[in-house]
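A.B. asks: One structure, as structure tokens, below. Some questions next.
The values are calculated or read from the model by the stated rules, or taken from the named source; none is laboratory data. Everything numeric in this text was worked out from a predicted model, so none of it was measured. Quick reminder, even Gly has a Cβ in these numbers, built from the backbone with ideal geometry, and neighbours come from all protein chains shown. The area values use the complete protein model at the heavy-atom level, side chains included, leaving out ligands, DNA and RNA. Shrake-Rupley method; radii C 1.70, N 1.55, O 1.52, S 1.80 Å.
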Amino acid sequence: MAFSSTMILPLLLVLLSAFSATSKSVQENFMQCLDANSVHPIPISAFCSQTNSSFTSVLNSTAQNLRYLMPLVPKPEFIFIPVYESHAKSAVICAKRLAIHLRFRSGGHDYEGLSYASEIETPFILIDLIQLRSINVDIDDNSAWVQAGATVGEVYYRISEKSKTHGFPAGLCSSLGIGGHITGGAYGSMMRKYGLGADNVLDARIVDVNGEILDRAAMGEDLFWAIRGGGGASFGVILAWKIKLVAVPETVTVFTVPKTLEQGATKILYRWQQVADKLDDDLFIRVVIQVTKTSQKGKRTVTTAYNALYLGDAERLLQVMDQSFPELGLARKDCIETSWIKSVLYIAGFPSETPPEVLLEGKSLFKNYFKAKSDFVQQPIPETALERLWEMLLEEESPLMIWNPYGGMMANISDSAIPFPHRKGNLFKIQYVTSWYEGSKDATRKHMDWIKGLYDYMSAYVPTSPRGAYVNYRDLDLGMNHKNASYTEASVWGTMYFKGNFRRLVKIKSKVDPGNFFRHEQSIPVVLG
């Protein structure tokens, strides 16, 4: 007998009879509660248990870091995939009522796997918002409502369908889930012109700890402030964002100019540090730093690739570069004039001639074992320090650094406008990454030790009171909560992510979720009475 995907919960309860007693208890109780609290019927396809043949593929579908998919890492008891917002509302109600620990994700990088793995608490369940992905663009209003499970690429594509002169200043990686992406800030190639994605949010829909769906008016300005940059999964389940669209010209220009050590990369990068934050606000030049092979057999070098978006035509760009950064030697042949939506594909690393429709696939470009860290730089790193940095990079198999420029609008927005505090005074942000393809303990230890050593070395060249870190590049080395972390314990990592805004985040958390229901290894803690 074939079962329809629309058959609802009662039939699924019968099918659970073969499960173990422990799993059966957790799942049956949860599902019975869902059935009693859901406005919409729940299809069989919305549930995926560990005994389901598709469990691993569903769990792995948007997970990026293979370190958190290893066999010994605790997995969710089951995955619930809401089809309607009311399903997510009911899931929160039932998880709280049954005292089941909850994780939830909208898809994307999640560097430390906090949305689908747990190092502090089991058993737990996962709510995957992948089916909540509608996008409604209103060009006349210069806005769009986007559900949490939609990817950044899908949002960009749907905007471009309606207009060639509208865009949104969010991430450079098109596979990011928009829900969690904005909760941490949302960097992008238009950040110097328009700020972060989180700076351009007009409204939101969130399931709070009481199982209520709140918009901006209902949640109040404190909670609305907290969810735009305060880190994901501390205050509730983001269902949707209302984003403000921004103006883009019909013609933009992109380029990538690589410089190796043999081509004077060190001096050019030192100069970039002095000018990157002072360039025309329409110009974003990041530096992607990797180890590459040379023409000599067995030899490697460091390549610094200047990857850029200019909101204008090539002729004007060349004038700007000639005045501000002639050291790079940008030529007309390096410049590609294109549309904004195609610049998204270019910056994301898609091959030329890739059609924009690829953004609707939402597929990640990579999946491997990796570890990442971040820093914010306020003084140029000296050439001698760069030379030692190159030596360290050449010791590692697949290192990567990305330097994102500041200045422009990023320097004009107050540190406390939203929880993301890293604004004026920063020249650029560094992301450090090492990746590997063997999951053994020895391999993992080797690469983790290397990046920790690199991070320690860089401490001499970045502010340390506190040292800054970007919350969307989660780093559990900075500190980790227990189930009921104290303010003092959590402030070690909290002030690195949020600086002085951390205290306000804790106050809001204590007010809206005093029982600390929404928690993970680096969630905002409550002030225990």
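A.B. asks: Please tell me if residue 341 is β-branched (Val, Ile, Thr), assigned to a helix (DSSP H, G or I), in contact with a helix residue (DSSP H, G or I) (Cβ under 8 Å, 6 or more places away or on another chain) and modelled with pLDDT of 95 or more. Please lay out each step first, then the result.
C.D. replies: Values: β-branched (Val, Ile, Thr): yes; assigned to a helix (DSSP H, G or I): yes; in contact with a helix residue (DSSP H, G or I) (Cβ under 8 Å, 6 or more places away or on another chain): yes; modelled with pLDDT of 95 or more: yes.
The answer is yes for residue 341.
A.B. asks: For the stretch 455-497, how many residues meet the condition of being in contact with a Ser or Thr (Cβ under 8 Å, 6 or more places away or on another chain) and under 27 Å from residue 382 (Cβ atoms)?
C.D. replies: Result for the stretch 455-497: 7.
A.B. asks: Now a separate question. If I filter the stretch 356-387 down to residues being open to solvent by less than 10 Å² (accessible area, probe 1.4 Å) and of a type outside the set (A, V, I, L, M, F, W, C), which single residue comes out as farthest from residue 406 (Cα to Cα)?
C.D. replies: Here the answer is 371.
A.B. asks: Can I ask one more? Only residues that are of a type outside the set (D, E, K, R), in a loop (DSSP other than H, G, I, E, B) and open to solvent by 30 Å² or more (accessible area, probe 1.4 Å): list them for the stretch 208-229, please.
C.D. replies: Filtering the stretch 208-229 down to residues of a type outside the set (D, E, K, R) leaves 209-211, 213-214, 217-220, 223-227, 229.
Then drop every residue that is not in a loop (DSSP other than H, G, I, E, B), which leaves 209-211, 229.
Matches in the stretch 208-229: 210 only.
A.B. asks: How many of the residues in the stretch 232-272 are among the polar types (S, T, N, Q), outside any strand (DSSP E or B) and touching a helix residue (DSSP H, G or I) at 6+ places or on another chain (Cβ under 9 Å)? First the steps, then the outcome.
C.D. replies: The first filter runs over the stretch 232-272 and keeps only residues among the polar types (S, T, N, Q), leaving 234, 251, 253, 256, 260, 263, 266.
Subsequent filtering for residues that are outside any strand (DSSP E or B) retains 234, 251, 263, 266.
Still in the running and touching a helix residue (DSSP H, G or I) at 6+ places or on another chain (Cβ under 9 Å): 234, 251, 266.
Here the count works out to 3.
A.B. asks: Test each condition in (1) open to solvent by less than 40 Å² (accessible area, probe 1.4 Å); (2) of a type in the set (A, V, I, L, M); (3) modelled with pLDDT of 95 or more for residue 336 and report the one that comes out false.
C.D. replies: Only one criterion in (1) open to solvent by less than 40 Å² (accessible area, probe 1.4 Å); (2) of a type in the set (A, V, I, L, M); (3) modelled with pLDDT of 95 or more is unmet by residue 336, namely (1).
A.B. asks: Only one of (1) modelled with pLDDT under 95; (2) touching a Leu at 6+ places or on another chain (Cβ under 6 Å); (3) closer than 30 Å to residue 244 by Cα is not met by residue 85, so which one is it?
C.D. replies: In the conditions (1) modelled with pLDDT under 95; (2) touching a Leu at 6+ places or on another chain (Cβ under 6 Å); (3) closer than 30 Å to residue 244 by Cα, residue 85 misses (1) alone.
A.B. asks: Looking at the stretch 164-182, which of its residues are open to solvent by less than 10 Å² (accessible area, probe 1.4 Å) and either part of a loop (DSSP other than H, G, I, E, B) or under 15 Å from residue 129 (Cβ atoms) (or both)? Spell out the reasoning first.
C.D. replies: Step one: list which residues in the stretch 164-182 are open to solvent by less than 10 Å² (accessible area, probe 1.4 Å), which gives 167-171, 177-179, 182.
Within the stretch 164-182, 168, 169, 170, 171, 177, 178, 179, 182 qualify.
A.B. asks: Now a separate question. Look through the stretch 62-87, keep the residues that are farther than 13 Å from residue 125 by Cα and not in a loop (DSSP other than H, G, I, E, B), and return whichever of them is nearest to the chain's Cα centre (by Cα).
C.D. replies: Ranking the qualifying residues of the stretch 62-87, first place goes to 65.
A.B. asks: Can you confirm whether the stretch 144-163 contains a residue that is assigned to a loop (DSSP other than H, G, I, E, B) and either over 20 Å from the mean Cα position of the chain (by Cα) or at positive phi (or both)?
C.D. replies: Step one: filter the stretch 144-163 for residues assigned to a loop (DSSP other than H, G, I, E, B), giving 148-150, 163.
Imposing the further condition that a residue be either over 20 Å from the mean Cα position of the chain (by Cα) or at positive phi (or both) reduces the set to 163.
For the stretch 144-163, residues assigned to a loop (DSSP other than H, G, I, E, B) and either over 20 Å from the mean Cα position of the chain (by Cα) or at positive phi (or both): present.
A.B. asks: Six or more apart or on different chains, Cβ under 8 Å: which pairs go from a residue in the stretch 424-453 that's surrounded by fewer than 18 Cβ atoms within 10 Å (Cβ to Cβ) to one that's acidic (Asp, Glu) and in a helix (DSSP H, G or I)? Could you list them?
C.D. replies: Here the result reads 452/477, each pair linking the stretch 424-453 to a residue that is acidic (Asp, Glu) and in a helix (DSSP H, G or I).
A.B. asks: Among the residues in the stretch 490-504, are any surrounded by 14 or more Cβ atoms within 10 Å (Cβ to Cβ) and closer than 24 Å to residue 211 by Cα? Reasoning before the result, please.
C.D. replies: Residues of the stretch 490-504 that are surrounded by 14 or more Cβ atoms within 10 Å (Cβ to Cβ), as a first pass: 490-491, 493-499, 501-504.
Filter once more, so that each one left must be closer than 24 Å to residue 211 by Cα: 504.
The answer is yes, given that some residue of the stretch 490-504 is surrounded by 14 or more Cβ atoms within 10 Å (Cβ to Cβ) and closer than 24 Å to residue 211 by Cα.
A.B. asks: Which of the residues belonging to the stretch 454-467 are in contact (Cβ under 8 Å) with a residue 40 or more places away in the chain and either in a helix (DSSP H, G or I) or of a type in the set (Phe, Trp, Tyr) (or both)?
C.D. replies: Result: 454, 455, 457, 458, 460, 461.
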